[in-house]
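Trainee: Before I ask anything, let me first share the structure, which is written out below as structure tokens.
The values are calculated or read from the model by the stated rules, or taken from the named source; none is laboratory data. Remember, predicted model here, so these are calculated numbers, not experimental data. Reconstructed Cβ throughout: ideal geometry from the backbone, glycine too, with neighbour counts over all protein chains shown.
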Amino acid sequence: MDAPSTTASRSSVWGQYARYNRLANETLYEACAALPDEERRRDLGAFFRSIHGTLNHLLLGDRIWMTRFEGGDHPSTGLGAILHDDFSALRAARVVMDARIEAFFSALPSGFAAGTISYVNNSGFASEDPLEILLPHFFNHQTHHRAQVHTLLSQLGRDPPVLDLHRVLRPNPG
């Protein structure tokens, strides 16, 4: 199969990734909601220590990148910041963020992916990167940290949900 060659088809790929992101997050948060709070917060040796810490980091990363994609600047913050101490508030913020991501990527401005973004990263370094690299990074970052939460669920003896893109987008192919 040939790679997409038109702006419209590339845009629809990003929209599909945004939809997958929302659905995968809904699935993952549902699994995490079944845990007692102390298990969600247990330090299991992950980079952001716990499921709760990792979910907060993922929301923070999405907030930073979406602000940049929308033309704004995001103040530097520790990447391990706990944005929402309460799981219900974190889950509600995730829903709002996923709607923001899906709306943005379903109506990607013409030529957007061919541009660049200048920003100062959390280490204070000025950077300018092409969106053809940043857009895949954005979605890969989400997948990377969902996989960490998936592993943490396993470490807690829980059955992690299926998060494969093709099964999230087409759960019951017929």
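Trainee: Checking the condition more than 19 Å from HIS141 (Cα to Cα) and touching a His at 6+ places or on another chain (Cβ under 8 Å), which residue from PHE48, PHE87, PHE112 passes?
Mentor: PHE87
Trainee: Going by what's in this entry, would ASP43 be described as touching a strand residue (DSSP E or B) at 6+ places or on another chain (Cβ under 8 Å) and closer than 30 Å to ARG158 by Cα? Write out each step before concluding.
Mentor: Details: touching a strand residue (DSSP E or B) at 6+ places or on another chain (Cβ under 8 Å): yes; closer than 30 Å to ARG158 by Cα: yes.
So ASP43 fits the description; yes.
Trainee: Next question. Condition check: surrounded by fewer than 16 Cβ atoms within 10 Å (Cβ to Cβ), of a type in the set (D, E, K, R), in contact with a helix residue (DSSP H, G or I) (Cβ under 9 Å, 6 or more places away or on another chain) and modelled with pLDDT of 95 or more. Does ASP129 satisfy that?
Mentor: yes
Trainee: I need a count of the residues in the range 117-174 that are assigned to a helix (DSSP H, G or I), among the small types (Gly, Ala, Ser) and more than 18 Å from the chain's Cα centre (by Cα).
Mentor: If we filter the range 117-174 for residues that are assigned to a helix (DSSP H, G or I), which is where we start, we get 131-155, 165-169.
Within this subset, residues satisfying the condition of being among the small types (Gly, Ala, Ser) are 147, 154.
Now narrow it down to the ones that are more than 18 Å from the chain's Cα centre (by Cα): 154.
Total satisfying the criteria: 1.
Rundown of residues vs (1) more than 17 Å from LEU23 (Cα to Cα); (2) modelled with pLDDT under 95; (3) among the hydrophobic types (A, V, I, L, M, F, W, C); (4) touching a Phe, Trp or Tyr at 6+ places or on another chain (Cβ under 6 Å), yes/no style:
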residue	(1), (2), (3), (4)
PHE112	yes, yes, yes, no
THR116	yes, no, no, no
SER123	yes, yes, no, no
ARG146	no, no, no, no
VAL149	no, no, yes, no
LEU152	yes, no, yes, no
VAL162	no, yes, yes, no
ARG170	no, yes, no, no
PRO173	no, yes, no, no
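Trainee: To continue, here is another question. Could you list, in sequence order, the residues of the range 59-99 that are in contact (Cβ under 8 Å) with a residue 24 or more places away in the chain, under 25 Å from PHE47 (Cβ atoms) and among the charged types (D, E, K, R)?
Mentor: Within the range 59-99, ASP62, ARG63, ARG68, ARG91, ARG94, ASP98 qualify.
Trainee: Taking the criterion of being among the aromatic types (Phe, Trp, Tyr), crowded, with 20+ Cβ neighbours inside 10 Å, in contact with a helix residue (DSSP H, G or I) (Cβ under 6 Å, 6 or more places away or on another chain) and farther than 25 Å from GLY124 by Cα, would at least one residue in the range 100-109 satisfy it?
Mentor: Yes: the range 100-109 contains one or more residues that are among the aromatic types (Phe, Trp, Tyr), crowded, with 20+ Cβ neighbours inside 10 Å, in contact with a helix residue (DSSP H, G or I) (Cβ under 6 Å, 6 or more places away or on another chain) and farther than 25 Å from GLY124 by Cα.
Trainee: Out of (1) surrounded by 14 or more Cβ atoms within 10 Å (Cβ to Cβ); (2) modelled with pLDDT of 95 or more, what's the single condition that is false for SER11?
Mentor: It fails just one condition, (2).
Trainee: Report yes if some residue within the range 76-90 is assigned to a helix (DSSP H, G or I) and in contact with a helix residue (DSSP H, G or I) (Cβ under 7 Å, 6 or more places away or on another chain); otherwise report no.
Mentor: Yes: the range 76-90 contains one or more residues that are assigned to a helix (DSSP H, G or I) and in contact with a helix residue (DSSP H, G or I) (Cβ under 7 Å, 6 or more places away or on another chain).
Trainee: Cβ contacts < 8 Å: first residue charged (D, E, K, R), restricted to the range 132-161; second residue outside any helix (DSSP H, G or I) and at pLDDT 95 or above, any location; separation 6+ or different chain. Result?
Mentor: Pairs that qualify, where the first residue is charged (D, E, K, R) and the partner is outside any helix (DSSP H, G or I) and at pLDDT 95 or above, are ARG158/ALA34; ARG158/LEU35.
Trainee: Let me ask you something else. Out of ASP73, ASP86, report the one residue that is in contact with a Ser or Thr (Cβ under 9 Å, 6 or more places away or on another chain) and surrounded by fewer than 16 Cβ atoms within 10 Å (Cβ to Cβ).
Mentor: Sole residue among the options that is in contact with a Ser or Thr (Cβ under 9 Å, 6 or more places away or on another chain) and surrounded by fewer than 16 Cβ atoms within 10 Å (Cβ to Cβ): ASP73.
Trainee: If a residue must be in a helix (DSSP H, G or I) and crowded, with 16+ Cβ neighbours inside 10 Å, how many such residues does the range 27-59 contain?
Mentor: Initial filter on the range 27-59 (in a helix (DSSP H, G or I)): 27-33, 37-40, 51-59.
From what's left, crowded, with 16+ Cβ neighbours inside 10 Å: 27-29, 31-32, 39-40, 51-59.
Going through the range 27-59 one residue at a time, the tally reaches 16.
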